[in-house]
Amino acid sequence: MPDKSVVLVVEDEPFVRELIVLELEDAGFEVVTAESGDEAAYILPKMARIDLLLTDIRMPGKVNGWFLADMARCRRPNLPVIYTSGFSPQHDKEVEDSIFLPKPYRAGEVLNALRQLNLREAAV
């Protein structure tokens, strides 16, 4: 059986985080979660593998989604990123090979974005 792709989901809204985690796990992904950019910045260096970062842009704490994606790309230069926000994005801050999804979004939109970034579900 192939290894599952690992997605780091960073979302401060518990309901939104739980829904997307369930969808990703049902689709065959391994999911690691963080409630804030600060928590994700702590977790990220400890992760042996990460295939995608899905992050909200505006979160409480010092680390927002823009900065988190930059940090992640310093460690893993080709890491695909999906940004989400209920606010208008500042597109000039997005990293290469990223997609912006405005909130509210549907789980299917996230799965489509993953396919656009060439990240596939594990065969389950």
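The values are calculated or read from the model by the stated rules, or taken from the named source; none is laboratory data. As the structure is a prediction and not an experimental result, all values here were calculated from the model. Neighbour counts run over all protein chains shown; Cβ positions are idealised from the backbone, glycine included.
A compact table of results
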item: Any chance Ile57 is among the hydrophobic types (A, V, I, L, M, F, W, C) and farther than 16 Å from Arg115 by Cα; result: yes
item: Some residue of region 2-16 being in contact with a Pro (Cβ under 6 Å, 6 or more places away or on another chain) and buried (at least 19 other Cβ atoms within 10 Å of the Cβ); result: no
item: Pair list, Cβ under 9 Å, 6 or more apart: region 26-46 residue more than 18 Å from Ala107 (Cβ to Cβ), other residue among the aromatic types (Phe, Trp, Tyr) and surrounded by fewer than 17 Cβ atoms within 10 Å (Cβ to Cβ); result: Ala34/Tyr42; Gly37/Phe67; Ala41/Phe67
item: Ala48 being small (Gly, Ala, Ser) and modelled with pLDDT under 95; result: yes
item: Unmet criterion (only one of (1) within 21 Å of Leu22 (Cα to Cα); (2) at pLDDT below 90; (3) surrounded by 12 or more Cβ atoms within 10 Å (Cβ to Cβ)) for Asp97; result: (1)
